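Visitor: To start, I am sharing the structure in question, which I have written as structure tokens.
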Amino acid sequence: MKKAWILTGCIVLIGSFIFQDLTRAETDELIRYWNQWRGPDMTGIFPGANPPIEWSEKGKNIKWKTRIPGKGHASPVIWQDKVFLVSATKIGQKVKSAELKATEKELPAWRRLMGKKVTHTLRFMVFAIDRKTGDVLWQRTAVETVPHEGIFKDGSWASASPVTDGEYLLAYFGSSGLYCYDLQGNLQWEKDFGQMDIMFDFGEGSSPVLYDDIVIVNWDHEGQSFIVALDKRTGTEKWRTGKDETTTWSTPIVASVDGTLQVITSGNKRTRGYDLQTGKQIWEAGGLYLNTIPTPIFDNGTVFVASGYQKQVIQAIRVIGARGDITGTDAIRWHQQEDAPYTPSLLLYGDTLYGLKVNKGILSCYDPMTGERYYGPQRLPGIKGVFASPVGAGGRVYLIGRNGTSLVIKRGKTFEVLTQNSLDDNFDASPAIAESELYLRGHKYLYCIRRIDRP
């Protein structure tokens, strides 16, 4: 009998180890790939990855580069042997309806200078690229349509990054729809949310979020704003919660707070936390200003948010136990009104928090617990402007300039440049990272950067 109990115990123990290994394998599968905007945990960090720190057009560590039709500032995402990205191309003859003409005449001169007018029908496209060769495995046309609004002069009509969980791929084009594919490019469903009324016709850009079986879309504009959850397999709405919010371009995140999964959004009026399962708002905090773009970061019970258009703000908000309106309470761990990013998101890397100033090549590094500045504002040599968000891997921070110049700096409390690199393209999309590769999406090309040992 004693031997039987020992044998049974061994079987149970072995079974538990197998179960743990399977669970770990499933978890590792999800965190092994840069499957969404800002990476596997939406922080801009890829733990364990070791991409190169040097590259150049002369062939140094360029595995391949592939020309991508059209234009899109959306970041690429990765799953197994594929890279996915989206783009918008002009097709056909110029369109000039009476309605568009009338709309343009109503615009003040400064808006006409800052924006791009609608001139053509656009083809919104989804691409799958072979990671080994850079070949286009498949491309799909999601929709062909004439946009109802223009975009910012430096923007694109394909600025929302796709997201995948290895089963489905979600490509989102805002007012032109959300499209769900399998990884072979077969359309599963599509969803039309209507038309956004974007402030100043600056274009659309918030990316969808996929968590377990739920797709989250944030719809902030000058009309009735809302956040909505959909079933990933059917596109059926699970819940929709209205918001008192104006135009933002910030992508939500999902975080576990007090044992509950929360969807956290930053906004011009309020940063908010919602119950993932029901859409019920749990807490809110004011403090940001117009044109909020950076994606929140969650770590150890604290949310880091920023906005940098009219007023530059960085906030650290303690959300453990938060309920109702926590504006002006002790939940606001620290708040500063200078050197905040406008378009790029913050980067939290261990005990260092990085933020670019507006869209300039000027960097500051902070203690995330207190907001104490370790260094900065530090001008980045060779970089004139930055729209791409910084990313981190291998104890390094990668900063991609619009002019093709990039810096790799050492993570730490002092500013140390490891390398300065240059490519013959312009970059607004944020990088994606694989184990030993860096993917840079330019205005013309998608680059795969990997260490190549030359004889």
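Visitor: Go through the range 280-293 residue by residue and turn each phi into a ³J(HN,Hα) via Karplus (6.51, -1.76, 1.60, θ = phi - 60°); whole Hz please, and just put x for glycine and proline.
Guide: 5, 6, 9, 8, 8, 8, x, x, 8, 10, 4, 6, 5, 10
Visitor: Between K269 and residues 5 or more places away or on another chain, which pairs have amide H atoms under 5 Å apart, with H built 1.01 Å from N, and which residues are they?
Guide: T246
Visitor: Here is a further query. Label points 7 Å out from Cα along the Cβ direction at L261 and K311: separation in nm?
Guide: 3.6
Visitor: So for the pair E237, D325, with labels modelled 7 Å out along Cα→Cβ, what separation do we get in nm?
Guide: 2.7
Visitor: Go through 418-429, 335-346 and give me the packing order, highest mean Cβ count within 10 Å leading.
Guide: Values: 418-429: 18.2, 335-346: 21.4.
For the peptides 418-429, 335-346, the packing ranking is 335-346, 418-429.
Visitor: Any chance you could run the full-extension gain for D182 through K132? It's 0.36 nm times the residue separation minus the Cα-Cα distance, nm to one decimal. Please report the intermediate quantities before stating the final value.
Guide: Values: separation 50, 0.36 × 50 = 18.00 nm, distance 2.05 nm.
Going from the current span to full extension adds 15.9 nm.
Visitor: Taking 0.36 nm per residue of sequence separation and subtracting the Cα-Cα distance, how much length would be gained by fully extending the chain between K280 and K94, in nm to one decimal? Provide the component values of the computation, followed by the final result.
Guide: Numbers: separation 186, 0.36 × 186 = 66.96 nm, distance 4.53 nm.
Result for the pair: 62.4 nm of gain on full extension.
Visitor: When a/c is below 1.5 the answer is rounded, else prolate if a/b is larger than b/c, else oblate, so apply that to the range 388-442 with a ≥ b ≥ c taken from the square roots of the Cα gyration tensor eigenvalues. Provide the component values of the computation, followed by the final result.
Guide: On the way: a/c = 2.00, a/b = 1.36, b/c = 1.47.
Judged from the Cα gyration tensor, the range 388-442 comes out oblate (a/c at least 1.5, b/c at or above a/b).
Visitor: Another question, if that's okay. Once you have the Cα-Cα distance between D453 and L418, take 0.36 nm times their residue separation minus that, and quote the gain in nm to one decimal.
Guide: So the chain would gain 10.7 nm between D453 and L418.
Visitor: Going by average Cβ neighbours within 10 Å, how do the peptides 380-389, 396-405 rank, with the highest at the top?
Guide: Working: 380-389: 20.1, 396-405: 21.9.
The densest-packed peptide leads the list: 396-405, 380-389.
Visitor: I've got another one for you. Nearest 500 deg cm²/dmol is fine: what mean residue ellipticity at 222 nm does the chain get from its DSSP H runs of n ≥ 4 alone, each adding -39,500 (n - 2.57), divided by its residue count? Don't skip to the end; give the middle numbers.
Guide: Numbers: 3 runs with 45 residues, N = 455.
That comes out to -3000 deg cm²/dmol.
Visitor: What whole-number volume per residue, in cubic angstrom, does the convex hull of the C-alpha atoms of the range 225-366 give? Intermediate results must be reported in sequence, preceding the final value.
Guide: Numbers: hull volume 16.5 nm³, N = 142.
Taking only Cα atoms, the range 225-366 has a hull volume of 116 Å³ per residue.
Visitor: Could you give each residue of the range 308-316 its phi-based ³J(HN,Hα) in whole Hz, using Karplus coefficients 6.51, -1.76, 1.60 with θ = phi - 60°, and x for Gly or Pro?
Guide: Result, rounded to whole Hz: x, 8, 6, 10, 8, 9, 10, 10, 10.
Visitor: Would you mind classifying the range 304-434 by shape? Square roots of the alpha carbon gyration tensor eigenvalues, ordered a ≥ b ≥ c; an a/c under 1.5 is rounded, otherwise it is prolate if a/b is larger than b/c and oblate if not. Mind dumping the intermediate values first?
Guide: Working: a/c = 2.09, a/b = 1.79, b/c = 1.17.
Because a/c hits 1.5 or more and a/b exceeds b/c, the range 304-434 counts as prolate.
Visitor: Convex hull over the alpha-carbon atoms of the chain: what's its volume per residue in Å³? Before the final figure, lay out the partial values.
Guide: Numbers: hull volume 82.1 nm³, N = 455.
Normalising the Cα hull of the chain by residue number yields 180 Å³.
Visitor: In the structure shown, do any of K71/K413; K60/K360; K65/K410; K153/K238 have a Cα-Cα gap over 29 Å, and if so which? It would help to have the intermediate numbers written out before the result.
Guide: Values: K71/K413 37 Å; K60/K360 27 Å; K65/K410 26 Å; K153/K238 36 Å.
Too far apart for the 29 Å limit: K71/K413; K153/K238.
Visitor: Between Y374 and residues 5 or more places away or on another chain, which pairs have amide H atoms under 5 Å apart, with H built 1.01 Å from N, and which residues are they?
Guide: HN-HN under 5 Å from Y374: C365, Y366, D367.
Visitor: Set Lys and Arg Cβ to +1 and Asp and Glu Cβ to -1, take the dipole of the range 159-217 about its Cα centre, and tell me which of Q195, C180, V163 lies farthest positive.
Guide: My answer, from the dipole projection, is Q195.
Visitor: Another question about this same structure. Can you tell me the order of 431-441, 185-195, 138-148, 258-268 when each peptide is scored by its average per-residue count of other Cβ atoms within 10 angstrom, highest first? Present the calculation step by step, with values, prior to reporting the outcome.
Guide: Numbers: 431-441: 23.4, 185-195: 13.8, 138-148: 16.1, 258-268: 20.2.
Descending mean neighbour count gives 431-441, 258-268, 138-148, 185-195.
Visitor: Where nothing but the Cβ of Lys and Arg (+1) and of Asp and Glu (-1) is charged, how large is the charge dipole of the chain around its Cα centre, in debye to the nearest 20?
Guide: That gives the chain a dipole magnitude of about 1260 debye.
Visitor: Given H placed on each backbone N at 1.01 Å, which residues far from T295 in sequence or on other chains put an amide H within less than 5 Å of it?
Guide: T251, S345, L346
Visitor: Assign one of three labels to the range 289-375, namely rounded, prolate or oblate, based on the Cα gyration tensor with a ≥ b ≥ c the square roots of its eigenvalues; rounded applies when a/c is under 1.5, prolate when it is not and a/b is larger than b/c, and oblate otherwise. Don't skip to the end; give the middle numbers.
Guide: Numbers: a/c = 1.90, a/b = 1.33, b/c = 1.43.
Oblate is the answer for the range 289-375, as a/c is 1.5 or above yet b/c matches or exceeds a/b.
Visitor: Considering all projection directions equally, how large on average is the shadow of the alpha-carbon convex hull of the range 415-455, in square nanometres?
Guide: Here the figure is 4.3 nm², rounded to one decimal.
Visitor: Follow-up. Given a Förster distance of 25 Å, report the FRET efficiency between E144 and K444 from their Cβ-Cβ distance, rounded to the nearest 0.05. Intermediate values should be presented prior to the final figure.
Guide: Working: r = 22 Å, r/R0 = 0.89.
It comes out at approximately 0.65.
Visitor: Can you give the alpha-carbon Rg of the range 123-246 over 2.2 N^0.38 Å, where N counts its residues? Could you put the intermediate results ahead of the total?
Guide: Details: Rg = 14.8 Å, N = 124, 2.2 N^0.38 = 13.7 Å.
Taking N as the residue count of the range 123-246, the ratio is 1.08.
Values quoted throughout were computed directly from the atomic coordinates according to the rules given, and no laboratory measurement underlies them. What you see is a predicted model, and the numbers here were worked out from it, not measured in a lab. FYI the Cβ positions are ideal-geometry reconstructions off the backbone, even for glycines, and counts take in every protein chain you see.
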